[in-house]
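Below: one structure, written as structure tokens.
The values are calculated or read from the model by the stated rules, or taken from the named source; none is laboratory data. Treat the numbers as computed from the prediction; the structure is a model and nothing was measured. All Cβ positions, even for glycine, are placed from backbone atoms using ideal geometry, and neighbour counts span all protein chains on display. Just the protein is used for accessible areas: all its heavy atoms, side chains included, with ligands, DNA and RNA removed. Shrake-Rupley method; radii C 1.70, N 1.55, O 1.52, S 1.80 Å.
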Amino acid sequence: MVSDNVIKAWAIAMFLRKENNMAKRSLVKTKAAVASKSLDPQQQFKAHWATIEKLQRQIAAQHKQQEALLARFCKEVLPVEHQYLQALYDKTTRLLSFADKKSLGKYDRDALFLWIEEEVDELLNHPFNEHLDLEALRQRYFAVNKMVDAEPTPDDVEDFRQNINELFGSDGGLSDEELLKMMSDPENMFTTMERLFGESRANADTTRSEERSHHGGSHTADSAQQSVNSLLKSQQVNRMYKKLAGVLHPDREAEPAKKTEKHLLMVQLSKAKKTHDIWTIVEMYHQYVDPEFHFSQTEIPAINTLLQQRIATLNAEMAEARDPGTLSGMVWQMFGAKTAKTMDKKLRKHRDNLQLMIDNEIQIRKELRSLSVLKQFLNPMRDELEFERMMKDHW
């Protein structure tokens, strides 16, 4: 029987993790900047543009800081992270070698599996475990688990159902017989959860999208997008494109280096026109033709809407860059700081702690050479399990 901790370790971490890796990360929702009603359209444009330039500077500085910190982390810390995980993996393998010993009593075996499950959970969920053969460890664990565990009781089945309910908000309508099959066959457990809850998650996303549409949540966004799309056919954007093409045309440049530069800019401009990337056209026009911008009263509202969309995108980009779900975001969250001195201190402290953990894992593995030594390590876990049994019996 696969216990509660293993269900959480393998069902959540493998199933949900696989699902998340296949899906693209959604941008963080941000509110578009709203211009003050006291500003006329041209003033609104200037305010939006100033906000965009500020956000772009902040994002550039943020990326530079995060890239530098990530490079340091990969050079100074990541190798030590790998050493720690390898030491933990080796110790867990040593623990598994005791799991099928017939001379190991029931309570000691329960304590041993509790220990193994804790280590497996850490190995599986650690963000830097890509160098480990976790599948081999998983197969070995389940092989031993099948060999030593008794047939699940009705209470075990009910506990398993409750676990699934807690994890996914539903038991998927599974019968007791189906749950038994899942408990006795981890592969069946994984594929069944993927089939049931992968589909339900996708359906839930679709339902939420439909509800937003039904309640008019997307109406405003659609109207704004239509307004922006209308710019493609406007005289204003056509004039911008033609003026840019005249200024950037490489045939009008005699110097080879500048000719090559303008050729690349023309490629960028042509691509923007082809892909309906109005923002790039507006930005290039501002940089190479007219830094002041003078729009007609009929077109500037749509252009302001375009700038508001750009502000929302940049805000989402800033949030996404520091999202701990990304490697650079996670590293920044752990070690980022205002000063280089503070970052140095955080990195050094983490390396020192990792080294202590490595030494500890290696030492434990060296000591685990007999059942008598193992039982000494298991005593605290046996006490913990005994306390849990007493509490369960009491209630």
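Among the listed residues 321, 316, which satisfies the condition of being touching a Gly at 6+ places or on another chain (Cβ under 9 Å) and either at pLDDT below 95 or over 30 Å from residue 99 (Cα atoms) (or both)?
On the way: 316 fails: touching a Gly at 6+ places or on another chain (Cβ under 9 Å).
Going through 321, 316 in turn, the sole match is 321.
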Answer yes or no as to whether residue 307 is touching a residue at least 40 places away in the same chain (Cβ under 8 Å), touching a His at 6+ places or on another chain (Cβ under 6 Å) and aliphatic (A, V, I, L, M).
yes
With criteria (1) open to solvent by 40 Å² or more (accessible area, probe 1.4 Å); (2) closer than 30 Å to residue 71 by Cα; (3) hydrophobic (A, V, I, L, M, F, W, C), residue 391 comes up short on (2)
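Results for (1) surrounded by 12 or more Cβ atoms within 10 Å (Cβ to Cβ); (2) at positive phi; (3) touching a Phe, Trp or Tyr at 6+ places or on another chain (Cβ under 6 Å); (4) part of a helix (DSSP H, G or I), shown as yes or no for each residue.
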{"site": "318", "(1), (2), (3), (4)": "yes, no, no, yes"}
{"site": "341", "(1), (2), (3), (4)": "no, no, no, yes"}
{"site": "349", "(1), (2), (3), (4)": "no, no, no, yes"}
{"site": "352", "(1), (2), (3), (4)": "no, no, no, yes"}
{"site": "365", "(1), (2), (3), (4)": "yes, no, no, yes"}
{"site": "382", "(1), (2), (3), (4)": "yes, no, yes, yes"}
{"site": "387", "(1), (2), (3), (4)": "no, no, no, yes"}
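Look at residue 107 and say whether it is aromatic (Phe, Trp, Tyr), open to solvent by 50 Å² or more (accessible area, probe 1.4 Å) and assigned to a helix (DSSP H, G or I).
Numbers: aromatic (Phe, Trp, Tyr): yes; open to solvent by 50 Å² or more (accessible area, probe 1.4 Å): yes; assigned to a helix (DSSP H, G or I): yes.
Answer is yes for this residue.
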Failed condition for residue 156, given (1) out of contact with any Leu (no Cβ under 6 Å at 6 or more places or on another chain); (2) under 17 Å from residue 361 (Cβ atoms); (3) not in a loop (DSSP other than H, G, I, E, B), with all others met?
(2)
State the number of residues belonging to the stretch 237-262 that are part of a helix (DSSP H, G or I), closer than 30 Å to residue 304 by Cα and touching a residue at least 12 places away in the same chain (Cβ under 8 Å).
9
Does residue 276 satisfy the criteria of being in contact with a Leu (Cβ under 8 Å, 6 or more places away or on another chain), assigned to a loop (DSSP other than H, G, I, E, B) and closer than 30 Å to residue 41 by Cα?
yes
Only one of 66, 44, 62 is part of a helix (DSSP H, G or I), at pLDDT below 90 and open to solvent by less than 60 Å² (accessible area, probe 1.4 Å). Can you tell me which?
44
Checklist (1) modelled with pLDDT of 80 or more; (2) farther than 30 Å from residue 268 by Cβ; (3) open to solvent by 80 Å² or more (accessible area, probe 1.4 Å) applied to residue 242, failing item:
(2)
Conditions: (1) assigned to a helix (DSSP H, G or I); (2) closer than 21 Å to residue 367 by Cβ; (3) open to solvent by 50 Å² or more (accessible area, probe 1.4 Å); (4) basic (Lys, Arg). Residue 101 meets all but one. Number of the miss?
(1)
Tell me which of these residue 293 doesn't satisfy, since it passes every other one: (1) open to solvent by 60 Å² or more (accessible area, probe 1.4 Å); (2) on the phi > 0 side of the Ramachandran plot.
(1)
Of the residues that make up the stretch 280-288, is at least one under 30 Å from residue 76 (Cα atoms), in contact (Cβ under 8 Å) with a residue 60 or more places away in the chain and either in a helix (DSSP H, G or I) or of a type in the set (Lys, Arg) (or both)?
no
Which of the following residues is in a helix (DSSP H, G or I), open to solvent by 70 Å² or more (accessible area, probe 1.4 Å) and within 18 Å of residue 96 (Cβ to Cβ): 135, 177?
135
Which of the numbered conditions does residue 83 fail, given that it passes all the others? Conditions: (1) open to solvent by 70 Å² or more (accessible area, probe 1.4 Å); (2) within 21 Å of the chain's Cα centre (by Cα).
(2)
Just checking, how many residues over the stretch 367-377 are surrounded by 15 or more Cβ atoms within 10 Å (Cβ to Cβ) and not in a helix (DSSP H, G or I)?
1
